[in-house]
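Just below is one structure, and these are the notes that go with it.
The values are calculated or read from the model by the stated rules, or taken from the named source; none is laboratory data. Just so you know, these numbers come straight off a predicted model, no measurement behind them. Glycine also receives a Cβ, built like all others from the backbone with ideal geometry; neighbour counts cover every protein chain displayed. Accessible surface areas use protein heavy atoms only, side chains included; no ligands, DNA or RNA. Shrake-Rupley method; radii C 1.70, N 1.55, O 1.52, S 1.80 Å.
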Amino acid sequence: SICCSRWLWSLWRVARLVEPGELLGPGHFAWQEAPPPVPADGEVLMRTLCLSTSPAQRGYISINRSRQLLPDLAVGEVMRGRGIGVVVESRHPDFRPGELYDASLGWQDYSIQRPREPQSIFSIRRVDDPVRPLTTELGLLGNAGMTAFFGLLEVGQFRPGESVLVSAAAGGVGSVVGQLARIRGAAQVVGLAGSDDKCRWLVEELGFSAAINYKREDLGARLRELNPRGFDVFFDNVGGAILDTCLLHLAMRARVVVCGWISVDYAGGQAVGPVNYRQLLYKRARIEGFVVFDYWSRYPEARRQLKQWYRAGALRDCGHVLEGLEQMPMALQGLFTGANRGVTGCRVAADP
């Protein structure tokens, strides 16, 4: 138990919604301080240790709400976000002070938590045998790692000896996808990124076979040069023109994994669908989207395998960590300006 009067509760509330095509930033949020909330019977007070970011967080406060999977956030509400927290006061028999949990904590340093249905994004998962620093639990062993694991191996049905193409390869999900493909015996892993520095990082440090700077190079020509046969698995995080071009470079019976569409989802104007979708017919290929929380019950399975590879040195954590809760708006903005490398998050408090 704690004496709440000794601390101030710091949090970010939604100040205004984001217009289509507008760059999200600190102006969309309002900082507030108050005494920490007090748990009622059946509730738990958690201290936030670290928070992660996701492109989906922009959608929570977007004026264009028609495509969201989760409930909207209104102006004045605490900004939504998952993180790792520690129980500081419990009035629930299943939670004890000092235990660590992965939960939807929000952009705040204290939060009230209640047990939720196990398949909900708002559910709470206890973190056993944690990897330090705890920011690793949000990236490699968190939703980004789960997305990469199930997206590549379950949805993409990747098999050893196949070639894999990854868009936004230097991002949180893409950087793990490429490493997993390498570990599982891919014949070739090619990543797409937006700078020469990121391309070098993918090849020299993460073990990608090659990387293409799509902003500077002719994407179609480079894909033909690197793999005239075409790719067996295309793991797409961006959509738009890159998806359309990559559809022209599929192998027979290829699988296209739709993970995200950051390049088009929040732009102004009418979104245009892929023109080259007929390649799915010519190549007898398939395209499939997925939501990682559909695999929530299998997270422990993926965590065990990812943790084993990580501790053996085969898999690298690629987290980009900012210090302090006050940095969350800029951390999220970086996903849309290309400032991030790997999973971006903030360390709110020191690891216990």
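Looking only at the stretch 228-240, filter to residues that are touching a helix residue (DSSP H, G or I) at 6+ places or on another chain (Cβ under 7 Å) and in a loop (DSSP other than H, G, I, E, B); which one of those is least open to solvent (accessible area, probe 1.4 Å)?
Gly230
Looking at (1) modelled with pLDDT of 95 or more; (2) part of a loop (DSSP other than H, G, I, E, B), can you tell me which one Arg224 breaks?
All conditions are met except number (2).
Spot the failing condition for Ala211; the list is (1) under 21 Å from the mean Cα position of the chain (by Cα); (2) outside any strand (DSSP E or B); (3) among the small types (Gly, Ala, Ser), and only one is missed.
(2)
Of these, Val321, Val348, Val292, Val275, which one is hydrophobic (A, V, I, L, M, F, W, C), closer than 30 Å to Asp109 by Cα and open to solvent by 50 Å² or more (accessible area, probe 1.4 Å)?
On the way: Val348 fails: open to solvent by 50 Å² or more (accessible area, probe 1.4 Å); Val292 fails: open to solvent by 50 Å² or more (accessible area, probe 1.4 Å); Val275 fails: closer than 30 Å to Asp109 by Cα.
Result of the check over Val321, Val348, Val292, Val275: Val321.
Would you say Arg125 is open to solvent by 10 Å² or more (accessible area, probe 1.4 Å), basic (Lys, Arg) and within 24 Å of Thr53 (Cβ to Cβ)? It would help to see each step written out before you state the result.
Details: open to solvent by 10 Å² or more (accessible area, probe 1.4 Å): yes; basic (Lys, Arg): yes; within 24 Å of Thr53 (Cβ to Cβ): yes.
Yes.
Residue check, Ser167 against (1) free of Cβ contacts under 8 Å to residues at least 40 places away in the same chain; (2) polar (S, T, N, Q); (3) crowded, with 22+ Cβ neighbours inside 10 Å, all met but one. Which one?
Of everything listed in (1) free of Cβ contacts under 8 Å to residues at least 40 places away in the same chain; (2) polar (S, T, N, Q); (3) crowded, with 22+ Cβ neighbours inside 10 Å, Ser167 misses just condition (1).
Test Val272 against the stated conditions and say whether it is assigned to a loop (DSSP other than H, G, I, E, B), β-branched (Val, Ile, Thr) and either closer than 24 Å to Gly345 by Cα or free of Cβ contacts under 8 Å to residues at least 40 places away in the same chain (or both).
Details: assigned to a loop (DSSP other than H, G, I, E, B): yes; β-branched (Val, Ile, Thr): yes; either closer than 24 Å to Gly345 by Cα or free of Cβ contacts under 8 Å to residues at least 40 places away in the same chain (or both): yes.
Considered against the rule, which asks whether it is assigned to a loop (DSSP other than H, G, I, E, B), β-branched (Val, Ile, Thr) and either closer than 24 Å to Gly345 by Cα or free of Cβ contacts under 8 Å to residues at least 40 places away in the same chain (or both), Val272 comes out as yes.
Within the stretch 170-203, work out how many residues are β-branched (Val, Ile, Thr), surrounded by fewer than 21 Cβ atoms within 10 Å (Cβ to Cβ) and in contact with a strand residue (DSSP E or B) (Cβ under 8 Å, 6 or more places away or on another chain). It would help to see each step written out before you state the result.
Narrowing the stretch 170-203 to residues β-branched (Val, Ile, Thr): 173, 176-177, 183, 189-190, 203.
In the following step, the residues that additionally are surrounded by fewer than 21 Cβ atoms within 10 Å (Cβ to Cβ) were identified as 183, 203.
Checking which are in contact with a strand residue (DSSP E or B) (Cβ under 8 Å, 6 or more places away or on another chain) leaves us with 203.
So the answer is 1.
Taking the stretch 324-345, which residues are open to solvent by less than 30 Å² (accessible area, probe 1.4 Å), closer than 22 Å to Lys215 by Cα and in a loop (DSSP other than H, G, I, E, B)?
Asn340, Val343
Please determine whether any residue of the stretch 89-101 is assigned to a loop (DSSP other than H, G, I, E, B) and open to solvent by less than 10 Å² (accessible area, probe 1.4 Å).
Step one: of the stretch 89-101, the residues assigned to a loop (DSSP other than H, G, I, E, B) are 91-99.
If we keep only those that are open to solvent by less than 10 Å² (accessible area, probe 1.4 Å) as well, we get none.
Checked the stretch 89-101: no residue is assigned to a loop (DSSP other than H, G, I, E, B) and open to solvent by less than 10 Å² (accessible area, probe 1.4 Å).
What is the residue count in the stretch 64-79 for residues that are open to solvent by 20 Å² or more (accessible area, probe 1.4 Å), in contact with a Phe, Trp or Tyr (Cβ under 7 Å, 6 or more places away or on another chain) and at pLDDT 95 or above?
Residues flagged as open to solvent by 20 Å² or more (accessible area, probe 1.4 Å), in contact with a Phe, Trp or Tyr (Cβ under 7 Å, 6 or more places away or on another chain) and at pLDDT 95 or above within the stretch 64-79 amount to 1.
Select from the stretch 204-219 the residues that are over 14 Å from Ala181 (Cβ atoms) and either touching a Ser or Thr at 6+ places or on another chain (Cβ under 7 Å) or surrounded by 17 or more Cβ atoms within 10 Å (Cβ to Cβ) (or both) and list them in ascending order.
Across the stretch 204-219, the qualifying residues are Ile212, Asn213, Tyr214, Leu219.
Scanning the stretch 37-49 for residues that are at negative phi and open to solvent by 10 Å² or more (accessible area, probe 1.4 Å), which turns out nearest to the chain's Cα centre (by Cα)? It would help to see each step written out before you state the result.
Quick first cut of the stretch 37-49, residues at negative phi only: 37-41, 43-49.
When the remaining residues are screened for being open to solvent by 10 Å² or more (accessible area, probe 1.4 Å), the result is 37-38, 40-41, 43, 47.
Working: Pro37: 29, Val38: 31, Ala40: 32, Asp41: 33, Glu43: 28, Arg47: 22 Å.
Checking each candidate, the answer is Arg47.
Consider the stretch 244-272. How many of its residues are over 28 Å from Ile61 (Cβ atoms), surrounded by fewer than 18 Cβ atoms within 10 Å (Cβ to Cβ) and either at pLDDT below 95 or within 21 Å of the chain's Cα centre (by Cα) (or both)?
0
Looking at the stretch 319-338, which of its residues are at pLDDT below 85 and farther than 16 Å from Asn237 by Cα?
Restricting attention to the stretch 319-338, the residues satisfying the condition of being at pLDDT below 85 are 319, 338.
Listed by number, the list holds a single entry, Gly319.
Those residues that are among the charged types (D, E, K, R) and within 27 Å of Gly83 (Cβ to Cβ), I need them from the stretch 135-182; list them, please.
Filtering the stretch 135-182 for residues among the charged types (D, E, K, R) gives 137, 154, 159, 162, 182.
If the condition is that a residue be among the charged types (D, E, K, R) and within 27 Å of Gly83 (Cβ to Cβ), then Glu137, Glu154 are the ones that fit.
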